[in-house]
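Working notes for the structure below.
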Amino acid sequence: MNHRKVLRAAVTVAVAGALASGMTMAMTTGASAGTTLGASAAEKGRYFGAAVAVNKLSNSTYTTVLNREFNSVVAENEMKWASNEPQQGVFNHSSGDRLVSHAQANGMSVRGHTLLWHAQQPGWAQGMSGSALRNAMINHVTQVATHYRGKIHSWDVVNEAFADGGSGGRRDSNLQRTGNDWIEAAFRAADAADPGAKLCYNDYNTDGINAKSTGIYNMVRDFKSRGVPIDCVGFQSHLGTSLASDYQANLQRFADLGVDVQITELDVMTGGNQANIFGAVTRACMNVSRCTGITVWGVRDCDSWRGSDNALLFDCNGNKKAAYTNVLNALNAGPGIPTTPPTTTPPPTDPPPTTPPPTTGGCSASVSLNSWNGGFVASVKVTAGSAGTNGWNVSVTLPGGASVTNTWSATASGSSGTVRFANVDYNGRLTAGQVAEFGFQGTGSGAGMTPTCTAS
Ligand code: G3I
């Protein structure tokens, strides 16, 4: 069981315990009277967010609206690959960190956008292909998700990987040409790097039941059946002058697969229907118990990438538009998220560990692999025996030709042959049966590695 599943199980136990003791756990289910988008959404167990251009955080009209109305933010551009790894292996998180600090100082959660996308790649990645690109891409996911570990509510792990039109298939891109498994490889790497973040697939033109959304639906169903760690699907919802009549039904069919759904980049063409469409989208989300939040793609009309569409909830002076009122009313009128997990969701099944957990002193280690042609990410679980540990060492013998390129949550000695991984400060001391996790990325094949664990 990985960390995200442990957290989930702990929440389930807590809820069950509370119910057994007669304590009321239900969120507000009736009408409420929040006066800001964030507060009203929070009353119903949800978030209401905005995409932020970090350089606008110094504009007081902008931040007054942002800080008053929203309880979630996402970087409009600053966490994209071209922004935070401009040269291969050289990371610049300064703008993203600035947004995270702003969010933390103002009680907002942060969506991460986006680890991998065919667009806004740095020039050096655009020119790569094959296993070199696959390695670079997994390294990017690992390094960025590790940098923000514990600070991101939900990551758009992969953005816009499906084609428009009627094929229901993947979009051609340099990432896709590294092999059809690139999306699951990315989710596994993100899971290893930040087990606490919700991991989302995000796309547009998925605003009803159509060929593209069905292609994505089939991928999510396949991932869930094989235990690929996906938690949520983002529906960008860049909308025109009408809304698909099956918008809510489409959200619900994804939720029924056992993933959360989120409206991730909402904006709507101006005109007579704008306010109605904003209200209808909000109602649809409220009516789906696994729709956990809505993000609008910008704060004011003049902040929007859609320019003269005036596609957002505030005018350029920060005044509320009619669309704002419809959204707020829909949030206040809507039901809350029930705290008991939906019964339709089967618990994900774990692949069997490579070694059984210990029953005596010492420690044991098991490894699970996410491999592709020419590389791999290994996730290692260390389980303390009955005496607990003050520290631990895990030795792994790599197959010939394989080598470790980077490690997280442990310190590696050596990079090929037998490599020793020692605990870092925060994960050496384990009580009996407690589990610590670390990971490493390598080139070559990682097949057949059998870890041995020594406790101190
Ligand atoms: O920062 C540079 C500036 O220095 C330069 O002078 C200027 C000249 O063109 O460009 C500026 O960068 C622009 C950047 O936005 C910041 O304004 C880029 O050219 C421009 O391409 C970029 O556009 C962003 C677009 O993604 C990139 O494809 C939009 O702001 C952003 O809203 C948009 O967001 C996407 C989501 O990530 C994914 N879903 C669709 C959505 C809308 O297209």
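Of the residues making up segment 140-166, those that are at pLDDT 95 or above and either assigned to a strand (DSSP E or B) or under 12 Å from ALA211 (Cβ atoms) (or both) are SER154, TRP155, ASP156, VAL157, VAL158, ASN159, PHE162, ALA163, ASP164.
Residue by residue, here is whether (1) in contact (Cβ under 8 Å) with a residue 12 or more places away in the chain; (2) among the hydroxyl-bearing types (Ser, Thr, Tyr); (3) in contact with a Phe, Trp or Tyr (Cβ under 6 Å, 6 or more places away or on another chain); (4) at negative phi holds:
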site	(1), (2), (3), (4)
GLY240	yes, no, no, yes
ASP246	yes, no, no, yes
LEU266	yes, no, no, yes
ILE277	yes, no, no, yes
MET286	yes, no, no, yes
GLY307	no, no, no, no
GLY318	yes, no, no, no
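Listed by first and then second residue, the pairs linking a residue in segment 113-137 that is closer than 16 Å to TRP182 by Cα to a residue that is of a type in the set (Ser, Thr, Tyr) and away from the ligand (no atom under 16 Å from the Cβ), with Cβ atoms under 7 Å apart and 6 or more places separating them unless they lie on different chains, are GLY130/THR178; LEU133/THR178; ARG134/THR178; ASN135/THR443. State yes or no: is THR206 within 16 Å of the ligand (Cβ to nearest atom) and out of contact with any Asp or Glu (no Cβ under 9 Å at 6 or more places or on another chain)? Here the answer is yes, as THR206 does meet what is asked.
Scanning segment 69-100 for residues that are within 16 Å of the ligand (Cβ to nearest atom), assigned to a strand (DSSP E or B) and either within 19 Å of ALA186 (Cβ to Cβ) or free of Cβ contacts under 8 Å to residues at least 24 places away in the same chain (or both) yields a count of 2. Screening segment 260-280 for residues that are more than 15 Å from the chain's Cα centre (by Cα) and within 16 Å of the ligand (Cβ to nearest atom) and picking the one that is farthest from ASN159 (Cα to Cα) gives MET269. List pairs: first residue in segment 218-236 and more than 14 Å from LEU199 (Cα to Cα) and within 16 Å of the ligand (Cβ to nearest atom), second residue of a type outside the set (A, V, I, L, M) and at pLDDT 95 or above anywhere in the structure, Cβ distance under 7 angstrom, at least six positions apart or on different chains. Pairs found: GLN236/ASN202; GLN236/ASP203; GLN236/TYR204; GLN236/THR264; GLN236/GLU265.
One line per residue, one yes/no per condition, for (1) within 16 Å of the ligand (Cβ to nearest atom); (2) of a type in the set (Gly, Ala, Ser); (3) surrounded by fewer than 23 Cβ atoms within 10 Å (Cβ to Cβ):
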position: VAL110; (1), (2), (3): yes, no, no
position: GLN120; (1), (2), (3): yes, no, yes
position: TRP124; (1), (2), (3): no, no, yes
position: VAL141; (1), (2), (3): no, no, no
position: ARG149; (1), (2), (3): no, no, yes
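On the given criteria, is GLN252 closer than 22 Å to ARG111 by Cα, of a type outside the set (Asp, Glu) and free of Cβ contacts under 8 Å to residues at least 40 places away in the same chain? The answer is yes for GLN252.
The values are calculated or read from the model by the stated rules, or taken from the named source; none is laboratory data. Model, not experiment: these values are computed from the prediction. With ideal geometry, Cβ positions are generated from the backbone for all residues, glycine too; neighbour counts draw on all protein chains shown.
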